[in-house]
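Enquirer: Structure in structure tokens, see below.
The values are calculated or read from the model by the stated rules, or taken from the named source; none is laboratory data. Just so we're clear, the structure is a prediction, and the values are computed from it rather than from any experiment. Cβ placement follows ideal geometry from the backbone for every residue including glycine, while neighbour counts extend to all protein chains displayed. Remember, those area values only see protein heavy atoms, side chains included, never the ligands or the DNA or RNA. Shrake-Rupley method; radii C 1.70, N 1.55, O 1.52, S 1.80 Å.
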Amino acid sequence: MNESAFIESLRALASHPGARGLLDDAAVVEIGGRTLVLTKDMLVEGVHYLPDDPPADVAWKLVAVNLSDLAAKGARPMGVLLGYSLGGHAWDTAFVAGLRLALDSFGIALLGGDTVGGNGPRTLSLTALGEAAGTVPSRAGGQAGDRLWLSGTIGDAGAGLRSLRGEIAAVDALVERYRNPSPRLEAGEDLAPLVSAMMDVSDGLLIDAARLAAASGLRAVIDLASLPLSEAWMGLLGGALEARLAAATAGDDYELLFAASPELDGEILALQDRLGLPLNRVGALEAGSGLRVTDGGAELPLPERLGWEHR
């Protein structure tokens, strides 16, 4: 079965209210008057990173993708638990150095974990724990008429992966976005009280927008003409429809996708200067189900592939 079907088969087991019906990327648990947010992500060699990626960068990415889930809940990270597959002295040593850099950069500590040996593709796991001071947005709170917004730019990490695979010219800025994503922790905290729904974009804008809409019982509309594309992307791939569609279906960007009432446009736009991070309207939520894709108002057929899904 594919990823979606497997998660569906698990829903009956997720009976605790903190699981949020497995419709979210994190669990939210109230303990002693504190709101804890827990999430787990895994990286598999050859799937989430290339076998020749620097071990220190793999460590950074493992931490960053987990903290990105906390960012989407408006939570501050507290610490992590590591599940590690031993891979040889030199690789392991470089990984630990990268892990130290990542944890120090985000001001968190390693709390524990487990190590195993193995001969197959290296599999790495991290559980991140955070705490939220107020509202903890889910994917499921969107309302018909809400605008859909996106932080930062989209598609860069996917282009970086293509660069490393030799499919397109190598551009350092794009490779950096692939290997060293930046979880939007500060933005998540500031946005949490304003949004009706929020998640991070890990598998591609189109597939993740469809997931947010489905959790909210609505349909997502994404306007490809409004996609924020970086200078590095534009310089290499341009802004034609085919390029914008590629950006919307690429993964690994770890930007925040969120829904908010049009009445909050001014407050959201005002955050840009303080955060130093672009926040762009990319679509809307409407009554119905599924996903619509437009280009400056013109309806487009859905692409065969909306983004990444494990099978």
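Enquirer: Suppose the filter is surrounded by fewer than 20 Cβ atoms within 10 Å (Cβ to Cβ), modelled with pLDDT of 95 or more, among the polar types (S, T, N, Q) and farther than 19 Å from residue 178 by Cα; does residue 127 pass it?
Expert: Working: surrounded by fewer than 20 Cβ atoms within 10 Å (Cβ to Cβ): yes; modelled with pLDDT of 95 or more: yes; among the polar types (S, T, N, Q): yes; farther than 19 Å from residue 178 by Cα: yes.
When the stated conditions are applied, residue 127 passes them.
Enquirer: Here's a follow-up. Report the residue count in the range 141-166 for those that are at positive phi and without any contact (Cβ under 8 Å) to a residue 60 or more places away in the chain.
Expert: 1
Enquirer: Within the range 50-83, which residues are free of Cβ contacts under 8 Å to residues at least 60 places away in the same chain, assigned to a strand (DSSP E or B), open to solvent by 10 Å² or more (accessible area, probe 1.4 Å) and touching a helix residue (DSSP H, G or I) at 6+ places or on another chain (Cβ under 8 Å)?
Expert: The one that is free of Cβ contacts under 8 Å to residues at least 60 places away in the same chain, assigned to a strand (DSSP E or B), open to solvent by 10 Å² or more (accessible area, probe 1.4 Å) and touching a helix residue (DSSP H, G or I) at 6+ places or on another chain (Cβ under 8 Å): 82.
Enquirer: In addition: What is the one condition in (1) on the phi > 0 side of the Ramachandran plot; (2) surrounded by fewer than 18 Cβ atoms within 10 Å (Cβ to Cβ); (3) out of contact with any strand residue (DSSP E or B) (no Cβ under 9 Å at 6 or more places or on another chain); (4) touching a residue at least 60 places away in the same chain (Cβ under 8 Å) that residue 169 does not satisfy?
Expert: Exception for residue 169: condition (1).
Enquirer: Now a separate question. Among what's in the range 277-300 and is outside any strand (DSSP E or B) and modelled with pLDDT of 95 or more, pick the residue that is most open to solvent (accessible area, probe 1.4 Å). Let's see the steps before the verdict.
Expert: From the range 277-300, those outside any strand (DSSP E or B) are 277-278, 287-289, 296-297; that's our starting set.
Pick out the ones that are also modelled with pLDDT of 95 or more and you get 277-278, 287-289.
On the way: 277: 19, 278: 59, 287: 71, 288: 38, 289: 87 Å².
Applying the filter and picking the extreme gives 289.
Enquirer: Scan the range 99-110 residue by residue and report those that are in a helix (DSSP H, G or I) and either open to solvent by 70 Å² or more (accessible area, probe 1.4 Å) or of a type in the set (A, V, I, L, M, F, W, C) (or both).
Expert: So in the range 99-110, the residues in a helix (DSSP H, G or I) come out as 99-106.
Within the range 99-110, 99, 100, 101, 102, 103, 104, 106 meet the criteria.
Enquirer: Filtering the range 228-258 down to residues that are hydroxyl-bearing (Ser, Thr, Tyr) and part of a loop (DSSP other than H, G, I, E, B), which residue is farthest from residue 68 (Cα to Cα)? Step through it out loud before you land on a result.
Expert: Within the range 228-258, the first condition is being hydroxyl-bearing (Ser, Thr, Tyr), and the residues that meet it are 230, 249, 254.
Next cut, part of a loop (DSSP other than H, G, I, E, B) only: 230, 254.
Numbers: 230: 20, 254: 6 Å.
That would be 230.
Enquirer: Then there is this: Among (1) more than 22 Å from residue 195 (Cβ to Cβ); (2) open to solvent by 50 Å² or more (accessible area, probe 1.4 Å); (3) modelled with pLDDT under 95, where does residue 5 come up short?
Expert: So the condition that residue 5 fails would be (2).
Enquirer: Just to be sure, is residue 32 farther than 18 Å from residue 211 by Cα and either touching a residue at least 12 places away in the same chain (Cβ under 8 Å) or more than 15 Å from the chain's Cα centre (by Cα) (or both)? Don't jump to the end; show me each part of the working.
Expert: Details: farther than 18 Å from residue 211 by Cα: yes; either touching a residue at least 12 places away in the same chain (Cβ under 8 Å) or more than 15 Å from the chain's Cα centre (by Cα) (or both): yes.
Here the answer is yes, as residue 32 does meet what is asked.
Enquirer: With the structure loaded, tell me whether residue 96 is in a helix (DSSP H, G or I) and in contact with a Phe, Trp or Tyr (Cβ under 8 Å, 6 or more places away or on another chain) or whether it fails that test.
Expert: Details: in a helix (DSSP H, G or I): yes; in contact with a Phe, Trp or Tyr (Cβ under 8 Å, 6 or more places away or on another chain): no.
No.
Yes or no, residue by residue, for (1) within 15 Å of residue 179 (Cβ to Cβ); (2) at pLDDT below 95; (3) aromatic (Phe, Trp, Tyr):
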{"position": "25", "(1), (2), (3)": "no, yes, no"}
{"position": "78", "(1), (2), (3)": "no, no, no"}
{"position": "91", "(1), (2), (3)": "no, yes, yes"}
{"position": "109", "(1), (2), (3)": "no, no, no"}
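Enquirer: Please indicate, with yes or no, whether at least one residue in the range 185-197 is part of a strand (DSSP E or B) and open to solvent by 10 Å² or more (accessible area, probe 1.4 Å).
Expert: Step one: of the range 185-197, the residues part of a strand (DSSP E or B) are 197.
Now narrow it down to the ones that are open to solvent by 10 Å² or more (accessible area, probe 1.4 Å): none.
Scanning the range 185-197, I find no residue that is part of a strand (DSSP E or B) and open to solvent by 10 Å² or more (accessible area, probe 1.4 Å), so the answer is no.
Enquirer: Then there is this: Which residues, counting only those in the range 198-217, are open to solvent by 10 Å² or more (accessible area, probe 1.4 Å) and either of a type outside the set (Asp, Glu) or assigned to a helix (DSSP H, G or I) (or both)? Even if it seems obvious, please write down each step before you answer.
Expert: Here is the first cut: in the range 198-217, the residues open to solvent by 10 Å² or more (accessible area, probe 1.4 Å) are 202-203, 207, 210-211, 214-217.
Selection gives 202, 207, 210, 211, 214, 215, 216, 217.
Enquirer: Applying the selection to the range 218-242, what residues are surrounded by 16 or more Cβ atoms within 10 Å (Cβ to Cβ) and within 17 Å of residue 173 (Cβ to Cβ)? Even if it seems obvious, please write down each step before you answer.
Expert: In the first step, residues of the range 218-242 are kept if they are surrounded by 16 or more Cβ atoms within 10 Å (Cβ to Cβ); the result is 218-224, 226-230, 232-233, 236-237.
Result: 228, 229, 230, 232, 233, 236, 237.
Enquirer: Kindly indicate whether any position in the range 299-307 is over 30 Å from residue 47 (Cβ atoms) and either in contact (Cβ under 8 Å) with a residue 12 or more places away in the chain or of a type in the set (A, V, I, L, M, F, W, C) (or both). Show your work before the answer.
Expert: Initial filter on the range 299-307 (over 30 Å from residue 47 (Cβ atoms)): 299.
Keeping just the survivors that are either in contact (Cβ under 8 Å) with a residue 12 or more places away in the chain or of a type in the set (A, V, I, L, M, F, W, C) (or both) gives none.
No, there is no match, as no residue in the range 299-307 is over 30 Å from residue 47 (Cβ atoms) and either in contact (Cβ under 8 Å) with a residue 12 or more places away in the chain or of a type in the set (A, V, I, L, M, F, W, C) (or both).
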